[in-house]
Structures are given as structure tokens and as C-alpha cells.
1. Could you tell me whether residue B:51 is among the small types (Gly, Ala, Ser) and surrounded by fewer than 17 Cβ atoms within 10 Å (Cβ to Cβ)?
2. Scan the stretch B:133-155 and give yes if some residue there is free of Cβ contacts under 8 Å to residues at least 12 places away in the same chain, over 13 Å from the mean Cα position of the chain (by Cα) and not in a strand (DSSP E or B), otherwise no.
3. Would you point out the residue of the stretch B:229-276, among those that are at negative phi, in a loop (DSSP other than H, G, I, E, B) and away from every other protein chain (no Cβ under 14 Å), that is surrounded by the most Cβ atoms within 10 Å (Cβ to Cβ)?
4. Does the stretch B:16-69 hold any residues that are within 11 Å of chain A (Cβ to nearest Cβ) and either among the small types (Gly, Ala, Ser) or not in a helix (DSSP H, G or I) (or both), and which are they?
5. With A:184, A:211 as the choices, which residue is hydrophobic (A, V, I, L, M, F, W, C) and not in a loop (DSSP other than H, G, I, E, B)?
6. For residue B:71, indicate whether it is surrounded by fewer than 18 Cβ atoms within 10 Å (Cβ to Cβ), of a type outside the set (S, T, N, Q) and farther than 24 Å from residue B:193 by Cβ.
7. Considering only residues that are of a type in the set (A, V, I, L, M, F, W, C) and either within 18 Å of residue A:148 (Cα to Cα) or in contact (Cβ under 8 Å) with a residue 40 or more places away in the chain (or both), which ones fall in the stretch A:101-124?
2 protein chains.
Amino acid sequence: MQRLSHQRCFGGWQDVYRHRAESLGCDMNFAVYLPPQAEREACPVLYWLSGLTCTEQNFITKAGAQRYAAEHGVVIVAPDTSPRGEGVADDPAYDLGMGAGFYVDATQAPWSAHYRMQSYVADELPALVERGFAVSHRRGIFGHSMGGHGALITALRHPGRYASVSAFSPIVAPGRVPWGEKALTAYLGDDRDAWRAWDASELVATAREKLPILIDQGEADEFLATQLRPDLLETACAAAGHPLTVRRHAGYDHSYYFIASFIGEHIAHHARALRT
Amino acid sequence: MQRLSHQRCFGGWQDVYRHRAESLGCDMNFAVYLPPQAEREACPVLYWLSGLTCTEQNFITKAGAQRYAAEHGVVIVAPDTSPRGEGVADDPAYDLGMGAGFYVDATQAPWSAHYRMQSYVADELPALVERGFAVSHRRGIFGHSMGGHGALITALRHPGRYASVSAFSPIVAPGRVPWGEKALTAYLGDDRDAWRAWDASELVATAREKLPILIDQGEADEFLATQLRPDLLETACAAAGHPLTVRRHAGYDHSYYFIASFIGEHIAHHARALRT
């Protein structure tokens, strides 16, 4: 691991590291915020998954999360959104390829050579973080839009691995919306049955662990009706008896101004689960 | 005035406007955060002046100020850092021309045609804001680096106009540091006597109003010893009996991670003066 930057923030440190990601077959950047408490105790780790087009930078510069992480003594790790670099497949569209890994393990060429973001965020990165930093093994996960989808499926696919999960404006049913249909077709192929293991609105039906889900959604979000459809997860959770809270906020859009407005409440939600 | 964006944030609105700036002879963008209180009362206005290379966007996306503005009921206006557009003089260097107006009124060609940022931030913009929004006539001013210099000279040059002033990592003595010497030579000419009216460390000697100055400075700031030199303002304020608080923070650099860490305390400082 090579440390690319190291900046004091709210009494802790906002760092960015670069490392060789074996699951992805490329070098990857990830950000880590170490709150002041991390100097003297093993803090829990909250993983943030970003949305389409983002790198590890968007969340750490725009969400204002460090204040709350410092308040609650929580480490926050924010990876990039896809493999990158020479030799990594890409597509000119913003919603496929680099910046659009969708947190799945691709099975279709050319994507399957590098696009194994689920293995990276669920396995390799936590192992690296727990080996490289003096943190606890308590984990939470959250994210935004494509990263909200990533947080939901990662928690649902790994019962017992996360103590808490939440999302801002998530894609909850990728198998039934245009962003998801395009990405899952490319990464997983045409067989829609294979998509169900990567779709939160399908996974809740068979979830062994009923980890409560918290979702915040802006009502002025330009993608709400076409791409996000929280109603599809509400229906699925109601049928499965899976605990879900969807909070709708009048006037808020899909941007980091929305995330910043409620990030403190999400971190408090995770801290309650992580620090008990 | 044309509204370019309108985004809900912490219960208020983060807006960006574009207008014809007569003092600058070009179109300009400025950001305005309207806290929830602005819907029912005339809130005071806090002006933020950004540093080299910034536009009106940097502060509103990175500082995390909206939370505190909403808490205290303060409007925050953040202008761009120079005139822009076709026909506006520029220089390839990052520290002269566009993005580097230094908040002075230039007297030297080619800059004098458009670079009148002092008139813009001290006169035209407040008049526009107080005419266009239902705000009070109570004003505070703060900024970062070149914008910290801008906040200090603007307050010192206009006794009675601002109820409060503060700065992050400001250039306090532009006549005695490389950034300032270069800019003031270009904008004001070789006569160093003419620079004194644009140098906070000179202006405090003759200030009619002893408005207390709050400064936060990171000790790991890469520009501290060469460009910022808060000690020069401390010496000048001590000689003049001008109230000054400089808080030095171990480990913090020149970035928005530093600003975000202490922006809440600055807004509280201004709110105490503005809302009494």
C-alpha cells in the first residue's frame, strides 16, 4: 500500500492509498478517514460505495462525513467505483465500464477479466483494511445511487458480515430499470435469472438475516421514477417481512447537497449498531 | 439575474446565479445559500471570498458550511474570484489574471479594464443581493488564502460596513510576499506606496474601526512561511492596538479539509455579531 495523501481533518486524518487489487487485476485507490479515536482504540469501519462516474474523491470532498465520523469514532473507507488502467475494458458511455462497476462480479467477456467489484468491496478491501489499520472487525456499509445498490446487495449477500446498512437514493431493482438492465446485460449476460443474485429487491425474499435497511430518497431526484424506484423494494420487503425504512424528503435532488444534508443521520444510524 | 441552479440543502437552498457585473464589465456567477429561516425573516449575509484558482463552486461543494448557516440562520454569498470571459485579460500563471483577482481595483493596463474586484465584492454585489433577496443589511465577511486577504482588506477599507470579519490561512501582507508582490505589481504598478491601501498589515495601522479579526491557520500549511506570514499581521495589530486572534492548528494544511474542520466555529463567530 502506498499512501498518496494525508490530510488533517476534524482532528483525524483523511488519507488516500493506492494498492494492487488482486481481485481486479489492477491498481486501485481508496480513501480512508481515520477519526481521532483511531489513535487509541480499534474503531469500527463503515464502507461507502459511490455512484456512477465517481472515484474515491467525490465522497471525501463533498459529503461532509468527517465531522460525524470524528464525533462517533467511526473509520470510513471509500473505494473507487470500478477497475481502472490500461488493459481494463471500458465503454464510452458514463453508465458502463470505468466508473460504473455496479459492484458485481462480471461473468461476460470482456468485462470478466477485471470487473469483480463485489469480490473487491466485500472481501479483498475489508481484509486489506483490517490487516493494514488498527481497526475492529465491526463493519457497516452504505452508498449512493449505484453505490446504494452496491451497499444493499453486498450486505444482503453476506449475512453476518455487516452490522448495519443504509443507502441514499439507491438503485433498488437493477433488473427492472434502464441503468441496471444495461449494466447487468453487459456484465452478467442475457439470462435474467442470473441477475437475481445482484438485485436487492430479489435478495430480500431469501435473506437469512433481517438486517434493517435505512434509505433516504429525495422527492425532486431526477432519477426517482425511472432508475431508483424505492417502491419496488418496499413491496419486496413487505412481502418478505424484511425491516425497511424509506424516508422521502421534499425538494431534494440526486446530488451531494442531499447526501450532505442527511449523512450525519446515517453515520449516527451505523454508529449505534457498530459501537454496541 | 438568471438562476443557474437551485438545490435543496440542510432545509434551505443552495443556488447559483449569473448576472451582468457593471463594475467588472462582464457576466459573473455567484453562489447564495439561503437557510430555512430566510423564508420567513430577513437574515444577515455572510460573504465568502475564495482563494487562487477557485470559482463560486469550490466553497459550496467542499466547505460543509450549509449545515452551520442553517443552524444560525445566516445567508452565505460566495462570488467568483475574478472577472472572466472573452475580452478579459488573463495570464497563463495560476496566480495572476483569471482566478486571481486579489480583490483589488486594478489601475494598470491591461488589467484596469475589468479587474475591479474590490468594487464588485464591497459595493455592487452586496447592493445586488440586498435588492434581490429578502435579506437584512447586516453583513459579515470571510475567506481563504487570497480570499482571506480579500476579506481583511475589504472590512478594513469600509468601516461600519461589516459587523464581523474572519479568515482561514490568509495572505496578510501582500506587499511583502511573492504572491502579493507579483499581483500588486501587475494590478497596481511599481509604486509600493500605492499597495498600502490593499495590505491588511498596513491598513490596521490607520483603521478607524477596531473590528476584531479572527484567523485560523494550519501549521502544516505549505504556504505558511513564504506567502501567508500571520506573524506580520500580529506585529502590526500589536503596534496598532487592533484586536486579533490567530489560532494555529497542528497538522492542518492549506486545503478545504482544514476549512471544513473549523468553518462551523467561524460561522458561529459571525452569527454572534450578525444576529445581535
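1. Taking the combined requirement at face value, the residue does not satisfy it.
2. no
3. Filtering first and then ranking leaves B:242.
4. B:33, B:63, B:64, B:65
5. Only one candidate qualifies: A:184.
6. yes
7. If the condition is that a residue be of a type in the set (A, V, I, L, M, F, W, C) and either within 18 Å of residue A:148 (Cα to Cα) or in contact (Cβ under 8 Å) with a residue 40 or more places away in the chain (or both), then A:102, A:104, A:106, A:111, A:113, A:117, A:121, A:122 are the ones that fit.
The numbers here are math on the coordinates, done by the rules we state, and not lab data. As the structure is a prediction and not an experimental result, all values here were calculated from the model. Every residue, glycine among them, receives a Cβ derived from its backbone with ideal geometry; neighbour counts consider all protein chains shown.
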